[in-house]
Amino acid sequence: MDVLPALVGVGYICGARVSSYLLGGAMLAWFVIMPMMVLFGGNTILFPATEALSTLDPWTLWGSYVRYIGAGAVAAGGILSLIKSLPLIVSTFAKAIKGFGHAGGNERTAKDLPMKYLIIGIAVLILALCLVPSIPIGPVAALLIVIFGFFFATVSARMVGLVGSSNNPVSGMAIATLLIATTFLKATGNVGINGMTTAICIGTIICIIAAIAGDTSQDLKTGYIIGSTPYRQQIGELIGVTCSGLTIGLVLYLFNAAWTYGSSQLPAPQATLMKMVVEGVMNGNLPWGLVLIGVFIAIFIEIIGIPVLPFAIGLYLPIHLSIPIMVGGLIRLFFEKRHAKNEKKKEDVISNGILYSSGMIAGEGLVGILLALFAVFGLDSKINLTNYGINLGNTGGCVFFAIFVAIMIFFIAKNTKKKA
C-alpha cells in the first residue's frame, strides 16, 4: 500500500462501506482477473501487450489489460448513474427553461446577479476560448461547450440542491461528453493530436462546469437557510473560482515540470482515463473486448445492488491506493461502533475525524507542491535520505504509517473527550 496520509483521510471521509467497495473492486482485479489471465493465458500474446501473458509481471498486466477493464466499468457506472437520474434530469431541465429569465422578487434574499451581466460574461469566455492560440477550441467546439454546459450545469445544480453533493454524477457527465465530443470531432474531420486535445479541453471544461454548478447550488442553499444575499454570494463564487483556477493551473504546470504526468511519481489516473477514452475513440484502437468486460462487470454490480462507481474506481485504480483508503474507513468504523449508543458523541467523533482528515489531505497537497519546487530547482537530491546512507525501506514506511494512524486515533478521541 501507499503509506500516504491523504489516502487515509479520504477513507475516513468516505466511510468504511464506500472504502470497502473500492477495495472490493481492487481485489477482483488483482486477485481474480489477473491470476486468471496468467493461469489460462499461457503463451498467448493479447493486444495491447506484446509478450506472452504468462511472462508479464503484475504491473504490466494491470497497465495492459486491467486498466481498460476498469475504464469500461467506470464509464458504464457513470452512464448508469445518468440513466437512473433521467426523470430528475428531464424535470429539472423543463423547470429551468420555464423559469429562465424570471426574477425571483424584490426582497434582498431573492436578488441574483443580473442575467445580462452573466450572458456578457459567458460571451467573453467563449470568445477567449476561441481566440486564445494556446486553447485549441474553435467555434464548433465552443458551441458544444455552451450546449453541454447549459444542460449539465442545470442538472448538476438541481440534483445537488435536492439530494446532496454525493448525488452529482460528474464522472458520468464528463465521460459522456468525452465520448460524444470525440465522436463528433472525428466525424467532422478534426482528427489527430489536435482533435484529441480539443476533445480533452471540451471534457475538462464540462467537468468543471458540472462540479462548480453543484458546489454553487450547495452554497446558495446554505445562504438561503441563514438569510444571505444571493448576488453577494455569487460575486464571492466568481472571485473564488477565478483565484482557484489560476492557482490550480500553475500547480498543474509545476507538477508536470517536476515529474511529468503518467510517470510512476505522478500517475494521474483520472487524466489517464480521459486520455484512454479519447485516444481509443479517435484512433479506433481501443481494446473493446476488455472495455466490454468492464461494462458487464459494472452491470452485474448494479444488478446485485452495490453502488457501481466506487467499485469500478477500485477496479480501475492500483490496489496500493485502495488499501490505505480502507484503513481510513476502518478507523471511522471503529469510532462509530464504539459510540453507537451515544448519537451525539458519535456525531462529534465523525466531525472531528473529518476535520482532521481534511487537514491531512490539504497538508499532503501543500507538501507535494513543496517537493515539486525542490524537484524543479534540483534540490530533491539534497533532501533524499538515501544519499546520506539512510534507507528506511518498506518496513520503515509501514512503521511510520502505523505511528501516524495511532496519532490520528489519539487526536480524534482526545478532541471528543474535550467536547464531552
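For the stretch 321-419, with equal point scatterers placed on the C-alpha atoms only and solvent neglected, what are the log10 I(q)/I(0) values from the Debye formula at q = 0.15, 0.21, 0.23, 0.25 1/Å, to two decimals? Ignoring solvent entirely, the Cα scatterers give -0.77, -1.13, -1.24, -1.33.
Model label points for Tyr253 and Ile226, set 7 angstrom from Cα along the Cα-to-Cβ axis, are 3.5 nm apart.
Extending 7 Å from the Cα toward the beta-carbon at both Thr44 and Val32 defines two label points whose distance is 1.8 nm.
Note on Gln218 and Leu246: the model spin-label points, each 7 Å out from Cα along the C-beta direction, lie 2.5 nm apart.
Using the Stokes-Einstein relation with a Kirkwood hydrodynamic radius computed over Cα pairs, the translational diffusion coefficient of the stretch 179-316 at 25 °C and a viscosity of 0.890 mPa s comes to 134 µm²/s. The count of lysine pairs in the stretch 321-419 with alpha-carbon distances below 30 Å, taking only pairs 8 or more places apart or on different chains, stands at 22.
Given their separation in residues at 0.36 nm each and the Cα-Cα distance between them, Tyr117 and Arg338 gain 74.2 nm when the chain is fully extended. When you restrict to C-alpha pairs under 8 Å that are six or more residues apart and normalise by the size of the chain, the relative contact order lands at 35 percent. Sorting 173-185, 109-121, 52-64 by average packing, meaning the other beta carbons within 10 Å per residue, from highest down gives 173-185, 52-64, 109-121. Against the set [x] 88, 53, 38; [y] 57, 54, 44; [z] 67, 65, 52, the structure's computed Cα extents along the principal axes in Å falls on [z].
Computed from the coordinates by the stated procedures, all read-outs in this text should not be read as laboratory data. These numbers were taken from a predicted model, which means no experiment stands behind them. When we count neighbours, we look across all protein chains shown, and the Cβ atoms used for this are built from the backbone with ideal geometry, even at glycine.
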